[in-house]
1. Is it the case that the range 59-66 has a residue that's assigned by TED's automatic domain parsing to the domain that holds Ile92, in contact with a Leu (Cβ under 8 Å, 6 or more places away or on another chain) and polar (S, T, N, Q)?
2. Kindly state which strands (runs of 3 or more DSSP E) lie completely within the range 314-405 and contain at least 2 residues that are basic (Lys, Arg), modelled with pLDDT of 90 or more and in contact with a strand residue (DSSP E or B) (Cβ under 9 Å, 6 or more places away or on another chain).
3. I'd like the full set of residues that are within 18 Å of Leu167 (Cα to Cα) and not acidic (Asp, Glu), limited to the range 182-215.
4. Which ones in the range 328-347 are surrounded by fewer than 13 Cβ atoms within 10 Å (Cβ to Cβ) and of a type in the set (D, E, K, R)?
5. Which residue out of Ile44, Ile13 is without any contact (Cβ under 8 Å) to a residue 24 or more places away in the chain, hydrophobic (A, V, I, L, M, F, W, C) and over 30 Å from Pro203 (Cα atoms)?
6. What are the pairs, 6+ residues apart or on separate chains, where a residue within the range 221-249 that is in the same structural domain as Leu162 (by TED's automatic domain parsing) and under 17 Å from Met143 (Cβ atoms) has its Cβ under 9 Å from a residue that is among the small types (Gly, Ala, Ser) and in a helix (DSSP H, G or I)?
7. Can you name the condition, by its number, that Gln233 falls short on among (1) at pLDDT below 90; (2) surrounded by fewer than 17 Cβ atoms within 10 Å (Cβ to Cβ); (3) closer than 19 Å to Gly285 by Cβ?
8. Quick one: Val326 ticks every box in (1) free of Cβ contacts under 8 Å to residues at least 12 places away in the same chain; (2) over 30 Å from Gln123 (Cβ atoms) bar one, so which box is it?
Amino acid sequence: MSKLQPARGTRDIYGNDARNMTAVVDTFRRVAGTYGFEELATPIFEFTEVYKRPLGEASDIVSKEMYTFEDRGGDELTLRPEFTAGVCRAFISNGMQQNLPCRLMSYGPAFRYERPQKGRYRQFHQVNAELLGQDSPEADIDMIAMAWRLLKELGLGDKVVLHLNTLGDKESRTAYREALVAYLSKFKDQLSEDSQRRLESNPLRILDSKNEGDKAIVADAPKLSDHLNEVSQTFFETVKKGLDVVGVPYIHDERLVRGMDYYCHTAFEFVTTELGAQGTVLGGGRYDGLIEQLGGPATSGVGWAGGIERLAMLSEAGEGPARPVVIMPMGEAATLKAFEVAETLRTEGFTVTADRSGNLKKRMNRADKASAAFAVIIGDNELERGVATLKRLENGEQSEIAFADIVSAINEK
């Protein structure tokens, strides 16, 4: 190849992108901390079964998108396509059921082989939160409120809309699934190829189809809300009342679904119109059967994940780099003194660089290009007198300052 490039769907992250993404993670950690969440870092790869078992062989993620490989020991491993399954595996592996409820937050890269799109890459990054062992609607309220607080603190309160739905309990979902399959089966030959396949494995996913023909058929499909039992209705009403109390606005979106059987009750997504067709920036829901499906004890769960790239693109929350103080030693003896001065300034929290080459004019030009705030010039004459020349580059003002007073002099300016 003539020019070495990152693999398709990956990128190098630096500059403003890196700062904005770091700001998203820092804000997430701070907000989640106020809700009592603790950090959990799971491996980037797991045994493939960790993802196949909950996601299902027929799911798009398993069949089309996972990066799966066999290691030298013959084990089949998969790069993390999402966080929840790995977090639940860690919950089981580490015996966390002894300390319920568990509030766990994670963040980092995930991997899916799919067409790269705005704000979404084959290696992408997520913030993720899971609340395990609390089966009440109040847990769902807490999780949505935490997500809303994160979005507001990133400055996105007026850029996103919460879409909210209930999937009902197992009894309600079973009744609805039967009614939905009966209806869709009449139009099987008119459904898209993906929806025909899902009619057997994941009929609820057809409600979320982007195919225009499917949309027309689904428009008259039975509604899940008409098949909710009293338990499910009460649960959802409690969630909605709680969101009203904590001030989280929402839209009841009956087409918002989750296809897997372990999902139940609340499903939600925060959606924006500022990133094109792929507008979900954060989403989640309740999954009371997942840990049991992975081989653990029956444990309720509710969680969400947000795309760091998308959140960073919308918020641009990162601060620019600190304007550095540039130390310019002129001579060998001054160079040694410059190390001492630089470490003193760094101890006080300043960003410090040193420029040791070229004449003073060239060094000043480089300092201007670096948007430096101050230059500290140390020559042999200054060194003998125990002073340095401190120059404020914004206005050219300069004065001689004793070495012991450089920190206070910069703070005053």
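1. no
2. So the answer is 387-392.
3. Listed by number, the residues that qualify are Arg198, Leu199, Ser201, Asn202, Pro203, Leu204, Arg205, Ile206, Leu207, Ser209.
4. Correct list: Glu332, Glu340, Glu343, Arg346.
5. Ile13
6. Pairs that qualify, where the first residue is in the same structural domain as Leu162 (by TED's automatic domain parsing) and under 17 Å from Met143 (Cβ atoms) and the partner is among the small types (Gly, Ala, Ser) and in a helix (DSSP H, G or I), are Phe236/Ser225; Gly242/Ala145; Leu243/Ala145; Val246/Ala145; Gly247/Ala145; Val248/Ala145; Val248/Ala147; Val248/Gly242.
7. Just one mismatch for Gln233, condition (1).
8. (1)
The values are calculated or read from the model by the stated rules, or taken from the named source; none is laboratory data. Predicted model only: the values in this text are computed from it and were never measured. Here Cβ is always computed from backbone atoms with ideal geometry, including for glycine, and neighbour counts include all displayed protein chains.
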